[in-house]
């Protein structure tokens, strides 16, 4: 190649700029919200009837033991709000990523796409069922 050809590419970016740090931060916070969603789902689901704890422990403390057969509706509402925050963070991250996506070497962050898709699917599932 000659020195003056159009194929010569000079990378002027010195490292992570503000947009890259914003995308990374939104991804981390969004995935933290999804982790909290998984923990809350575990607490909101009905009790497993195949798990039978030692009844003597409850008799000694005087605590009655009963299985919850339905989902905890207050926790389901909390899950919906957490998924909504995850969806908003994912959409903002994708918008920032689209502003950054100008060169051939730039790419869409897969973690933001997955965050947005999982949050949207969770919200749709909540609204339908």
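Go through (1) surrounded by fewer than 14 Cβ atoms within 10 Å (Cβ to Cβ); (2) closer than 23 Å to residue 21 by Cα; (3) under 21 Å from the mean Cα position of the chain (by Cα) for residue 84 and report which single condition fails. Unmet condition: (1).
In summary, helices (runs of 4 or more DSSP H) completely within region 1-114 and bearing 1 or more residues that are at pLDDT 75 or above, closer than 18 Å to residue 125 by Cβ and out of contact with any helix residue (DSSP H, G or I) (no Cβ under 7 Å at 6 or more places or on another chain) occur at 18-44, 73-100. Scanning region 75-116 for residues being within 13 Å of residue 27 (Cβ to Cβ) and in contact (Cβ under 8 Å) with a residue 12 or more places away in the chain gives a total of 16. Answer with yes or no whether residue 72 is surrounded by 13 or more Cβ atoms within 10 Å (Cβ to Cβ), touching a residue at least 12 places away in the same chain (Cβ under 8 Å) and farther than 19 Å from residue 116 by Cα. So residue 72 passes the test.
Scanning region 93-111 for residues that are over 20 Å from residue 81 (Cβ atoms) and surrounded by 16 or more Cβ atoms within 10 Å (Cβ to Cβ) yields 94, 96, 97, 100, 109, 111.
The values are calculated or read from the model by the stated rules, or taken from the named source; none is laboratory data. Computed from a predicted structure; not experimentally measured. Counting neighbours? That spans all protein chains shown, and the Cβs are built from the backbone with ideal geometry, glycine included.
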